Every structure is written in C-alpha cells, then in structure tokens.
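Scroll down for the structure; my scribbles are underneath it.
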Amino acid sequence: MSGVPLPHFSRGYVSPTEAAVPALPPRHLQSRMQMTEPKAHRLPWYVMWGITMVTAVGMAMLNFFTVLSMRKLVGWKFHLMQYVTDIGGVLWGTVALVACACFTATLCTVLIYKVSPEAGSSGAPENKGWLNGSSPFPPGGYKPIHLFVRCFATILGNASGYPVGREGPTVSMGTNFAYIVTEFMAGPHVRQWVDIDVVGQAPTAALMVDEEQYAQAKRVACAVGGACGMAMIFDAPMGGILYMFEEMTAVCWPLELTFRAFVGTIVCALLSRALLNGMGTDIKAFVIYEWSPQRHPWGWNDVPFFFVLAAAMGSFSALHTIVCLKVGDLRQKAMKSLEHLQPVNKMVEAVLYAALCALTSSLVAQMGRCEPLKTGASVEFVRYNCQEGEYNPVASLLLTTSEAAVNLLFSRKNAGQIHPTNAFLSFLGYTCLNIGLTGVTVPSGNFTGTMLIGGLIGRMMGSMAERYQLTGPAVSGVYAMVGSAAMLCGFKRMSLAVVVFVATAANDFNLVPPLMLSVVVSVSCAEFLLHRGYDEEQLIRRKVAFLEPQTPNCLDKKKASELCDILPPEATLHVEATAAEVSKALKTDVSDFPVVKAGGICVGFTTRERLEAALEACAKRGQMEHSPTAGLETPGGGTLGTGRTEDAAQSMEGEFERLISDSLVSSFGILPAGAKLPIGRLVDPVPYTILEEMPAQRMYALFARGGLNTASVVSENGQFVGMLSRRGLIHHTRHLDH
C-alpha cells in the first residue's frame with residue numbers, strides 16, 4: 001500500500017505504510033471516534049512493557065558506546081598533550097591541546113549544522129515542556145537523525161574540553177530513543193476506522209488516531225528513557241527515577257510510571273555494568289564515585305560550617321544563573337547582527353571557544369605549584385609541567401574531565417593535597433569558562449559542571465577549616481560534597497535527586513542529613529534572590545510551552561471568560577459542515593476546533609489532523625468514483641461499481657488510505673464544495689465545560705493537574721462562549737506575568 005510519511009508533529013493519524021498493517025475489515029468500522037480518558041493510554045500490557053524493555057536495553061547499549069568512545073578520545077587528547085609537553089615543553093603541549101580541541105570541535109559543529117541543527121543543544125527545556133504535556137508534540141521532533149547527531153555531538157563536545165557534562169543530552173537521547181520505539185510498537189494499536197459518510201457519496205471511512213492516547217503512551221516511555229539516561233551517568237537507578245519525577249513535576253507523573261521506571265532503570269544499569277565488565281573495565285571508572293567509608297563522616301562542629309557554605313552557594317547559584325542568562329542574551333544579540341553569515345558565524349564561534357577553553361585551562365594550570373605525589377593515591381592526578389613523581393593540583397582539576405575533577409574533590413583520602421589557593425585558581429578558570437559557554441551551539445549538560453563549581457568552593461572552605469582545626473570529623477572531601485549539592489540544587493531547583501546522586505557518589509548514606517540541610521538552605525537563599533531557576537528561565541526565553549503546576553499570581557483576579565482563546569469565526573464548526581467550511585477552518589492557525597449543534601451548544605472538539613484525514617478520504621473516494629476502476633470495495637463496506645482485478649483493488653485501497661498531503665487544495669478539488677461532512681463523529685463527545693464566571697484559580701487546576709487540553713466555556717444557560725486550551729492558557733499566563 002502507498003502512503004505519505006507521517007510528519008514528526010502529526011497527531012491525527014498514522015501512515016498505514018509506516019505501520020505495515022493491512023486495512024481493518026468492515027466489522028471494525030466505528031460510527032464515531034472512540035476516546036480514552038485524559039492522561040491514559042489504554043494500550044495492551046505487553047505493548048507497554050515491550051516498549052519499556054526495548055528502551056532500557058537500547059539505552060544501555062547507547063551508554064556503552066558513548067562512554068567508551070568518550071574515554072578513548074579524551075585519553076588520546078591528554079596523552080598527546082603530555083607527550084608533547086615532555087618532549088617540547090609547556091608551550092608546545094599547549095599548542096597540541098588547542099589543536100586537538102579545535103579538531104574535535106570542528107567535527108562537532110559541522111555534524112550539527114550540516115545534518116541536524118536541532119541537536120545543537122542539550123534539548124532539556126524542550127524535553128521538559130514535552131513531558132509536562134504542554135507541547136502537543138516534541139519541539140523539533142524526535143527523529144532517528146536527531147538521536148544519531150546528538151549522540152556523536154555529545155561525544156565530540158566533551159572531547160573538545162568544553163566545561164560541560166553529558167547529563168542534559170543523555171536525557172534527551174533517552175526520550176528520543178523511547179519516542180521512536182513507541183511510534184514503531186504502539187502505532188498499530190491507536191488507529192481506528194471511522195465512518196464519515198458524506199451526503200451525496202457512497203459510504204466512506206477514514207483512518208484516525210486518538211491523539212491523547214498516543215501522546216500519553218509516548219510520554220510514559222520517554223520518561224523511562226530519560227530516567228535510564230540519568231541512572232547510567234551516576235550508576236544510580238533511584239536517582240534517575242527521582243530526577244525525572246522532579247523534572248516532570250508530580251502533577252504530570254502517572255501512577256504506572258513509578259514501577260515502569262523502576263524496572264527500566266535497573267535493567268539498564270545491570271546491562272550497562274555487564275557490557276563494561278565484558279570489556280575488562282567497570283562502571284565505576286566512568287561515573288562520579290568515591291570509596292572512603294567512615295563510621296562518623298561528620299559532627300556537630302561541622303554543621304555551622306555546612307550552613308554557611310550552603311547559604312553562600314545558594315546565593316552564588318542565583319548570581320551564576322543571572323550572569324549566564326545575561327551572557328546568553330548578549331551572544332544572541334551578537335549572532336543576530338551577524339545573521340547574514342549564519343551558520344558559519346556560529347560554527348566558527350564554537351570552534352574558537354573550544355580553543356579558548358583549552359588555552360585558558362592550560363595557562364591557569366601553569367599557575368599551580370607542583371607537589372610530590374604520595375604513594376598509593378586513590379585518585380588520578382595530572383603531572384602536566386611537573387617532574388616524574390610530582391603532580392600539578394590545578395592541572396588535575398582543569399586538564400581532565402569534569403567527572404574526574406569531581407572525584408578528586410570528593411575524595412576523603414587526599415586531605416591537604418589540594419591547597420585552597422589551587423582550588424581557588426581552578427574555581428576562577430572553570431567558572432568563567434562555564435558561564436561563557438551559555439548559548440554556544442554544542443550539546444551540553446550543566447549538572448556535572450555545576451557540581452564541580454560547588455565542590456571547589458566546598459573544598460576551599462574545608463581545607464581552611466582543617467588548617468585552623470575548626471572542624472569536626474568531616475574532612476575537606478565531605479565539604480566538597482556539601483558544596484556540590486548546595487550549588488546544584490540552587491541552580492537546578494531540585495532536592496531529592498541531588499541528595500541521592502551525591503550520596504550514591506560518596507557511597508555513604510550517613511551524609512544524607514547534612515546534604516539535605518544544605519539543600520534546604522541553598523534553595524531558600526536562591527529563591528529569595530531569584531524566583532526562577534535556570535531551567536525555568538530557559539523555558540520562557542526559548543518560548544517552550546510549559547504549564548506551571550501551581551496557579552500563577554497573575555491569574556488571581558481573572559475569570560474563565562477572560563482567558564478564552566482568540567478564535568476566528570470560521571474555526572467554529574457545526575456537527576455537519578460543508579467541505580468548503582472545513583477547508584476554510586483549516587486555513588486558520590487553530591489546532592483544536594470547537595464543534596457546535598443547533599442552539600449554540602458545544603458537543604466537543606476535533607483536531608486539525610482528523611479534519612484533514614476526513615477531507616482526504618472523501619476526496620480520494622470521489623476520485624475513485626470518477627475513475628475507470630470504480631466498483632472497488634472500501635474498508636467501510638461500500639462499493640464503487642464493478643471491480644477489475646485484485647491488484648487494482650489493492651492499488652485503490654492504498655490510494656484511499658493515503659494521508660493528507662501538503663497541498664490540501666489539490667486533493668480537495670474533486671470533492672463538491674457543498675458536500676456535508678459529519679464532523680460530530682470526529683469529536684471528543686463529552687467536552688469539559690467551564691462556566692464563564694468561574695475564577696481562574698479553580699479552572700487552572702483542571703489543566704495543570706487534571707490533564708485537560710481543551711475545555712468549553714459556557715454561559716449559565718449552556719450557550720458556547722469560547723474555548724480554553726492548554727496552549728492558550730500558557731500564552732495568557734506568560735503575557736500577564738510580564
């Protein structure tokens with residue numbers, strides 16, 4: 001059968017060719033659309049569990065490839081730098097480091113701009129809006145090519161030495177992979193043939209999809225994929241689940257997802273560990289992990305210092321967020337002034353910034369004082385410009401991966417080996433580079449980088465407190481953990497996931513109380529200075545659709561009637577509308593159309609994709625009626641005349657099932673403009689109704705917590721007044737908030 005490929009943003013129907021399923025027999029023909037309840041997919045258990053397991057296994061394989069490739073590239077770069085430094089001196093070692101960074105950065109940017117520009121960022125804000133249920137489809141789409149490019153660009157970006165982690169891109173890769181798997185496995189189960197008999201024509205049927213059912217299945221699977229991604233980065237399955245729980249917010253977290261994510265993350269973590277063990281290595285070599293068990297890792301003398309450290313890091317995280325956003329705005333303005341050079345200007349900028357990162361790290365590392373290397377050191381130190389048997393503390397923090405640097409800071413066995421001055425130099429260099437990276441087109445995650453900044457401050461405070469014997473049993477490594485947690489939660493505005501990740505990395509849950517204390521203090525200070533965190537600000541600046549779980553203050557004095565969508569008159573359809581009326585409605589930018597019956601009573605809403613599918617089916621039916629092969633039987637059971645051959649029947653059936661093309665007018669040409677279409681059969685038959693005088697605070701909860709996408713606003717006598725949509729509510733909220 002022939003068919004037009006399904007666009008990544010389509011919600012109304014799925015190509016029969018894509019699904020590779022035959023047309024349904026007449027007995028499956030529905031008299032009207034059969035809808036599921038909001039926030040439910042109602043797919044067979046074996047389908048959803050199949051999607052869960054395939055996603056977990058696929059993410060384990062993807063992580064296996066990513067970490068090994070990254071380790072090889074990064075190891076090759078620093079080995080070459082050290083080799084050239086030993087032979088020709090620090091100057092030539094710096095040149096080699098800059099050359100390696102420029103080479104991998106060039107590959108990264110060329111891959112992004114020549115293949116998939118949408119993959120040139122972490123994708124975290126867009127992913128958050130999609131999982132929240134506010135976006136009808138993932139912005140930019142989740143195509144296989146996006147997954148491929150983001151995977152390789154993340155490897156090359158980290159190898160280039162950008163001050164980033166791989167958390168954001170890995171979560172986006174997890175959701176991307178799960179989205180593709182769900183489209184393949186769940187597509188055949190969400191279709192239904194709907195009878196759309198047109199007055200003046202023989203019986204006709206159109207292939208429709210319950211969009212809400214399909215989207216909910218995808219979101220559940222995408223949440224599992226994202227949780228698997230975070231679970232592998234920290235080797236913490238519980239942390240991955242909690243991260244996605246806080247990312248999606250509790251009001252968007254389905255009940256079934258908890259156990260589904262539980263199974264998916266543990267399968268993914270075990271398989272990832274098995275694959276790495278098979279290669280003669282271990283998962284702990286690729287994650288943040290420090291093994292120094294202590295019976296009493298902290299005491300009451302340490303608590304005041306923890307409190308001061310958390311308050312300082314919470315305040316600094318707010319300042320860090322403000323400066324990052326300012327840098328992003330300045331870079332956006334600069335790039336706009338060079339718009340005539342795009343995308344070359346952005347590609348050159350990304351390569352030059354990689355060179356700047358390598359050069360800055362090398363120059364700052366030369367300020368570090370060489371120290372004798374103690375025998376039996378549990379963490380890896382970098383020698384750089386020092387003699388054999390010595391190490392450079394600053395180079396050990398800057399000329400390595402962010403994960404290795406955090407491991408060095410978290411260690412409780414190297415007390416006194418990182419002088420506060422060395423930590424301060426590293427803090428200045430890394431923080432400036434981290435802030436300056438904002439807006440550069442490279443897949444980047446802020447999780448590990450933010451932990452490193454907080455860990456450097458914590459290590460400085462701990463070292464100074466140790467020097468003057470002011471602390472309790474907590475060593476400087478514990479202070480680094482507290483500082484990392486405080487900085488990270490202030491920046492990301494997360495709590496549970498941060499504590500679990502840091503405690504798992506320390507392999508010591510005795511640290512949970514001070515970590516929780518630091519989170520409380522840090523978040524309180526950060527919210528006092530800056531209402532929104534970095535991710536929330538990015539949602540607004542990138543204009544990503546996102547509905548806040550709590551009613552904004554700007555809606556306090558508003559009524560439902562004041563927040564209705566602005567609908568053109570032609571967007572409101574009758575239960576029986578002419579083809580000309582439907583065609584005119586489709587020319588508007590509306591995606592959900594109210595359908596009313598006599599007396600102005602709204603009977604439900606239909607979508608753009610259903611209307612397009614109905615028009616296409618009717619137009620093709622009319623084309624077949626006028627063709628010499630008339631007489632073929634349709635999926636609805638009607639006939640077109642006298643049949644010719646079985647091959648002709650299959651050909652016409654394929655033509656009938658074709659989806660809407662980009663040119664609606666051409667496919668609509670043979671359908672009489674006055675032909676009546678039963679639009680009432682394509683609606684959600686039980687629309688949610690809201691009285692026009694209802695306060696916005698009560699109405700808002702239906703969308704934020706009840707999962708509604710559209711609702712009918714009616715007067716006291718039931719007359720249709722307007723439509724409230726999730727997208728329109730987000731638009732009004734942001735407009736009033738600003």
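The values are calculated or read from the model by the stated rules, or taken from the named source; none is laboratory data. Computed from a predicted model, the values in this text were never measured in an experiment. Virtual Cβ from ideal backbone geometry, glycine too; neighbours counted across all protein chains shown. The protein model used for the area step is the full one, side chains on, heavy atoms only, and it has no ligands, DNA or RNA in it. Shrake-Rupley method; radii C 1.70, N 1.55, O 1.52, S 1.80 Å.
Here are the numbers for this structure:
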quantity	calculated
Test result for Leu276, over 17 Å from the mean Cα position of the chain (by Cα) and modelled with pLDDT of 90 or more	no
Gly599 vs. criteria assigned to a loop (DSSP other than H, G, I, E, B) and farther than 18 Å from Leu736 by Cβ	yes
Qualifying positions in region 63-89 - β-branched (Val, Ile, Thr) and open to solvent by 40 Å² or more (accessible area, probe 1.4 Å)	Ile87
Residue match in region 418-434 (condition: among the aliphatic types (A, V, I, L, M), surrounded by fewer than 16 Cβ atoms within 10 Å (Cβ to Cβ) and closer than 30 Å to Thr66 by Cα)	yes
Residue count, region 666-697 (criterion: hydrophobic (A, V, I, L, M, F, W, C), open to solvent by 20 Å² or more (accessible area, probe 1.4 Å) and modelled with pLDDT under 85)	4
Residue satisfying all of: in region 245-268; free of Cβ contacts under 8 Å to residues at least 40 places away in the same chain and open to solvent by less than 10 Å² (accessible area, probe 1.4 Å); farthest from Leu131 (Cα to Cα) among these	Ala261
Single match in Val110, Val171 (criterion: modelled with pLDDT of 90 or more and crowded, with 24+ Cβ neighbours inside 10 Å)	Val171
Criterion violated by Ser317 - all others in (1) under 26 Å from Asn158 (Cβ atoms); (2) open to solvent by 70 Å² or more (accessible area, probe 1.4 Å) satisfied	(2)
Meets criteria (modelled with pLDDT of 90 or more, part of a helix (DSSP H, G or I), in contact with a Pro (Cβ under 7 Å, 6 or more places away or on another chain) and within 24 Å of Gly445 (Cβ to Cβ)) for Val502	no
Scan of region 278-295 for residues that are more than 16 Å from Phe64 (Cα to Cα), surrounded by 12 or more Cβ atoms within 10 Å (Cβ to Cβ) and among the charged types (D, E, K, R), ordered by number	Glu290
Residue in region 358-365 that is among the aliphatic types (A, V, I, L, M), surrounded by 15 or more Cβ atoms within 10 Å (Cβ to Cβ) and more than 30 Å from Ile283 (Cβ to Cβ) present	yes
For Leu399: the one exception among (1) surrounded by 23 or more Cβ atoms within 10 Å (Cβ to Cβ); (2) among the hydrophobic types (A, V, I, L, M, F, W, C); (3) within 26 Å of Asn507 (Cβ to Cβ)	(3)
Evaluation of Arg412 against (1) in contact with a Leu (Cβ under 9 Å, 6 or more places away or on another chain); (2) charged (D, E, K, R); (3) modelled with pLDDT under 90 (one fails), failing number	(1)
Residue in region 343-350 that is open to solvent by 70 Å² or more (accessible area, probe 1.4 Å), polar (S, T, N, Q) and over 16 Å from Asn434 (Cα atoms) present	no
Total residues in region 539-574, condition of a type in the set (Val, Ile, Thr), open to solvent by 20 Å² or more (accessible area, probe 1.4 Å), assigned to a loop (DSSP other than H, G, I, E, B) and over 24 Å from Val595 (Cβ atoms)	1
Any chance Glu616 is within 30 Å of the chain's Cα centre (by Cα) and in a helix (DSSP H, G or I)	no
Odd one out for Thr450 among (1) on the phi < 0 side of the Ramachandran plot; (2) open to solvent by 10 Å² or more (accessible area, probe 1.4 Å); (3) among the polar types (S, T, N, Q)	(2)
Filtered residues of region 296-314 (kept if part of a loop (DSSP other than H, G, I, E, B) and either at positive phi or open to solvent by 10 Å² or more (accessible area, probe 1.4 Å) (or both))	His296, Trp298, Gly299
Meets criteria (assigned to a loop (DSSP other than H, G, I, E, B) and either closer than 16 Å to Phe593 by Cβ or at pLDDT below 85 (or both)) for Gly706	yes
Condition check for Ala579: open to solvent by less than 30 Å² (accessible area, probe 1.4 Å), touching a helix residue (DSSP H, G or I) at 6+ places or on another chain (Cβ under 8 Å) and at pLDDT below 85	yes
Ser495 vs. criteria more than 27 Å from Arg698 (Cα to Cα), surrounded by fewer than 21 Cβ atoms within 10 Å (Cβ to Cβ) and under 26 Å from the mean Cα position of the chain (by Cα)	yes
Any pair with Cβ under 8 angstrom, 6 or more apart, that starts in region 305-331 at a residue that is more than 14 Å from Gly458 (Cα to Cα) and at pLDDT below 95 and ends at one that is among the β-branched types (Val, Ile, Thr) and not in a helix (DSSP H, G or I)	Cys324/Thr438; Leu325/Thr438; Val327/Thr438; Gly328/Thr438; Arg331/Thr438; Arg331/Val440
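Results for (1) among the charged types (D, E, K, R); (2) over 29 Å from Leu547 (Cβ atoms); (3) over 15 Å from the mean Cα position of the chain (by Cα), shown as yes or no for each residue.
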| residue | (1), (2), (3) |
| --- | --- |
| Ala217 | no, no, yes |
| Cys228 | no, no, no |
| Met232 | no, yes, yes |
| Ile241 | no, no, no |
| Thr265 | no, no, yes |
| Leu271 | no, yes, yes |
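So that you can scan it fast, the table gives a plain yes or no per residue for (1) farther than 30 Å from Cys525 by Cα; (2) acidic (Asp, Glu):
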site	(1), (2)
Leu319	no, no
Cys324	no, no
Arg331	no, no
Met335	yes, no
Ala354	yes, no
Thr360	yes, no
Leu373	yes, no
Glu380	yes, yes
